[in-house]
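Asker: Pasting a structure here, questions to come.
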């Protein structure tokens, strides 16, 4: 085959290499960013779930009523317990920097006493 | 100025190499991204599963409330929280001495199913340590008896006598003694249990029918009910772990000759004897025999129902809530039945041997071998014998032992009763006329 290259120009191979490097660079950067973000996001979701379970369990065990706010590190937990005539109701919301990460709700029935 | 290139063979090689390299690299990047996307999804699914679990738990509480309001409620959809559309689906089934609720909860694609077993609230009488089920009997303390707690005696006090020829202390009771009125006794609904017992014996609705003989337990490991015609021996060379909650209906006797681990919610009903030679492990199992049940060891909870005899022996532990129920049977105008608790047996729950419906001459009995223990309540409307050890309530119509040269009736000798050692909450199976208020005896995730 015949090749003719003018002075100052780039061959197709060179252009391809440059393009490929750019694509790699962009994808690599996006990948790393995504990795970091997602890894943190995974951790945050997991922490939020654990916090919600912990605060809900405590409320259920102690039949805690009223609204309370807690702070654990960068996390804010809002727990609301309500006592109705026939049941208790709790909800726990877990926030971080204003964003709600997780929410759990639970009811416990106030079983009547047997009257003899 | 624009440039032009004409590809040489060398360039083409470079280009193809680059393309291959890029493809591989893209695949690698896609893989990494895929893994992380999967992790994110997994954590989200965990969260949904957790919400489904808490919804199911809340559904269980809502169902309990609904049943206490309207006992004829057959189950169905239940809304959980005001202000949103969260709901669960509840199936209700009468299951021997309990109501069995199956609560289905779903959040997006995550499903959770909880099983709840409901009984009825403990009656006040069962706060007592000892209750005479016969309102005419005089009771005497004897031997090394130790009772802590209130006792209900017909006469309102103990008969003060010392066992002849016995150098030991004449028993000890710490607590109140109250007179017992007939109206204070539990209002039992024995027919309710007896009807179910009879129905189970006639139940031969297995979609699969097989002939008896010696069979490997795995062959009967199916979700669908199985009817077995004739006596069957289940034998395997090693431990058997069944994968399904089985439903076996045996028109004959069954012998389990190997160690078997059952899935929760399994049922074995047989018209003949049910004999377990090796250990068994089970949760929420229901065994019923038209004749005798013999269990020889293992760890389980559930309902053990038989007509003639229940023999619990070996290193057997029936955990809460276990319900041992003997109907008794009639022969020659007499009423027979036996429950025997071996010396290494513990029962956490209830032993129920109801009163004789026809008031015939009773010769049935419950026997505690030395070391056998019940934590919960013994409701025996017949005679008891042996070294009774109960962390809970002991109700019996009579107590007997032999010491040469005579039988002693209603002398409580070597009996230990400590109701305060019984864990709370403690409720009852559905043995009373009034089934309400319903209470959750136990629950588990399917």
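Asker: With a Förster radius of 41 Å, plug the Cβ-Cβ distance of residue B:18 and residue A:40 into 1/(1 + (r/R0)^6) and report the FRET value to the nearest 0.05.
Answerer: FRET efficiency, residue B:18 to residue A:40: 0.75.
Asker: Now a separate question. What whole-number value in cubic angstrom gives the convex hull volume per residue for the C-alpha atoms of region B:238-295?
Answerer: It comes to 66 Å³ per residue, whole-number rounded.
Asker: Going by a ≥ b ≥ c, the root eigenvalues of the Cα gyration tensor, does region B:311-433 fall in the rounded group (a/c under 1.5), the prolate group (a/b larger than b/c) or the oblate group?
Answerer: The shape class here is oblate.
Asker: Taking 1 over the mean of 1/r across every pair of different Cα atoms in region B:82-229, what Kirkwood radius in Å do you get?
Answerer: About 21.4 Å for region B:82-229.
Asker: Add -39500 (n - 2.57) for each DSSP H run of 4 or more in the protein assembly as shown, then divide by its residues: what number comes out at 222 nm, to the nearest 500 deg cm²/dmol?
Answerer: Value at 222 nm, helices only, nearest 500: -8000 deg cm²/dmol.
Asker: Next question. Quick one: helix B:9-69 against the long Cα principal axis of chain B, what's the angle to the nearest 10°, folded into 0 to 90?
Answerer: The two axes meet at around 30 degrees.
Asker: How would you classify region A:17-86 from its alpha-carbon gyration tensor, with a ≥ b ≥ c the square roots of the eigenvalues: rounded for a/c under 1.5, else prolate if a/b is greater than b/c, otherwise oblate?
Answerer: Verdict is prolate for region A:17-86.
Asker: Once you have a ≥ b ≥ c as the square roots of the Cα gyration tensor eigenvalues for region B:64-111, tell me rounded if a/c is under 1.5, and otherwise prolate or oblate according to whether a/b is larger than b/c.
Answerer: Working: a/c = 3.33, a/b = 1.54, b/c = 2.16.
Judged from the Cα gyration tensor, region B:64-111 comes out oblate (a/c at least 1.5, b/c at or above a/b).
Asker: Using every Cα-Cα pair within region B:392-446, state what percent have a distance larger than 15 Å.
Answerer: Counting every Cα pair in region B:392-446, those more than 15 Å apart make up 69 percent.
Asker: Another one. Quote the relative contact order of region B:162-319 in percent (integer), defining contacts as alpha-carbon pairs under 8 Å separated by 6+ residues. Display every interim value, and only then the final one.
Answerer: On the way: 381 pairs, mean separation 21.1, N = 158.
Relative contact order comes out at 13 percent.
Asker: Over the residues of the protein assembly as shown, compute the C-alpha Rg and express it relative to 2.2 N^0.38 Å.
Answerer: 1.39
Asker: Still on this structure: Please report the equivalent ellipsoid semi-axes of region A:51-116, computed as sqrt(5 x eigenvalue) of the Cα gyration tensor, largest first, in whole Å.
Answerer: Details: eigenvalues 158, 17, 16 Å².
For region A:51-116, the semi-axes come out at 28, 9, 9 Å.
Asker: Quick check: convex hull of the Cα atoms in region B:213-346, volume per residue, rounded to a whole Å³?
Answerer: 93
Asker: Please report the base-10 log of the normalised intensity I(q)/I(0) for region B:37-100, using a Debye sum with one equal scatterer per alpha carbon and no solvent, at each q in 0.28 (1/Å).
Answerer: Each listed q corresponds, in turn, to -1.19.
Asker: Moving on. With only alpha-carbon pairs counted, each pair once and no self-pairs, how large is the Kirkwood hydrodynamic radius of chain B in angstroms?
Answerer: Value: 25.1 Å, from the Cα pair sum.
All of the numbers you see were taken from the coordinates with simple rules; none came from a lab. Small disclaimer: the values here were computed from a predicted structure and weren't measured. Neighbour counts run over all protein chains shown; Cβ positions are idealised from the backbone, glycine included.
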